[in-house]
Every structure is written in structure tokens, then in C-alpha cells.
1. Using 1/(1 + (r/R0)^6) with R0 = 25 angstrom and r between the beta carbons of Lys120 and Lys150, what's the FRET efficiency to the nearest 0.05?
2. Keeping every protein chain present and rolling a 1.4 Å probe, give me the accessible area per residue for the chain in Å².
3. With a 1.4 Å probe and all protein chains in place, put Glu7, Glu104 in order of accessible area, largest first.
4. Report, to one decimal in Å, the Kirkwood hydrodynamic radius for the range 72-116 based on all distinct Cα pairs.
5. Note the angle between two axes, namely the Cα long axis of helix 133-153 and the longest principal axis of the Cα atoms of the chain, as a number of degrees from 0 to 90, rounded to the nearest 10.
6. Tilt of helix 22-34 relative to the longest C-alpha principal axis of the chain, in degrees (0 to 90, nearest 10)?
7. Remind me, what semi-axes does the chain give for its equivalent ellipsoid, largest first in whole Å, using sqrt of 5 times each Cα gyration tensor eigenvalue?
8. For His6 and Met137 in one chain, what is 0.36 nm times their gap in residues minus the Cα-Cα distance, to one decimal in nm?
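The values are calculated or read from the model by the stated rules, or taken from the named source; none is laboratory data. Predicted model only: the values in this text are computed from it and were never measured. Note: ideal-geometry Cβ built from the backbone for every residue, glycine included; neighbour counts use all protein chains shown. These area figures cover heavy atoms from the full protein model, side chains too; ligands, DNA and RNA do not enter into them. Shrake-Rupley method; radii C 1.70, N 1.55, O 1.52, S 1.80 Å.
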Amino acid sequence: MSQPTHEQGQLQLQIYDLRREAKLRQARDWFFRNYHVDTIDDAMRIAPPGTENGALAMMVFSYWEQACAYLNHGLLHEELFFETSGEFFGVWEMVKNVVPQGRERFANKLFLANVEKAAKRYETWIESRSPGHIAAMRQMMKQMRDQAAKAAKA
């Protein structure tokens, strides 16, 4: 694979800098703690459009969709991005079973399409370099989801 260009490195730093913005940090924190959905109806209950939670979820979705679009269009260096940005894959893991329902309900076949495309490549990439990582990450995410469910019932 080619070396990243200076411009790709600069763009990646700018994208990282946006991740540090206070509202996006809040949205990412809220998302990983609360956005545990199995159906589009769960998603609409937890983060309905027009609400603060809906805005937080969409902020996470749109941030990673844009970053992955840059990646998929070659503006970012794939290996450099994958080495330093695995969070988008965690977002995809949390929503991948609901996205087809959302695409159908809102007649938007492109919803999170860039995240999905990048996540598929990332899974292959990371497993070739660190076999077992995806399974371990999925197990950790399951534990986090189970803990959140227990806390919600308490």
C-alpha cells in the first residue's frame, strides 16, 4: 500500500480535531451508553427525530458517515485511517441490524452506506493483522449492552 500523503494526514488530523468538539464528544458518549437498539421502533423510541437524543444520534451518524465518505472516495489513506479510527466500526456494529429497517422506512438506501462500506473493509483489515479482535470487541460490546439493560431495569 502507498504511503499517506501530507494532505491525507492533514485531513485526518482535521477530522480527528472535529471529534474533540464538545457537542460531538457529548453525542458520542451518549450514543455508546444509550443507543442499544434491536429494531427501528427501538431507535425511534430512544432517539426520535426532533428531540435532543435524536440530534445526538444523528450527530454521531453524520460525523462517521462523512469521515467514511472521505475514506471511501480516497481522500483519506485507508491504512492510516484504520490504524487510528476504529470507533466508526463500533458505531456500525451497534446499528447494522437496524439500518436496513431504517433505509426502508425512510426510503433512503444510502443511509450509513459509507460507514457500512468502510466497516466491511475494516473487519477484513483488522482480522488479517490481529485475528480475534472483532470477536473480542463484539463480546465487550455485548457486555456493555447487558450492563446498560440491567441499569435501565434497576
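1. 0.20
2. Ligands and nucleic acids excluded, the figure is 59 Å² per residue.
3. Putting Glu7, Glu104 in descending order of accessible area: Glu104, Glu7.
4. Evaluated on the range 72-116, it is 11.7 Å.
5. The angle comes out near 30 degrees.
6. The answer is roughly 60 degrees.
7. The equivalent ellipsoid of the chain has semi-axes of 26, 18, 16 Å.
8. Details: separation 131, 0.36 × 131 = 47.16 nm, distance 3.15 nm.
So the extension gain works out to 44.0 nm.
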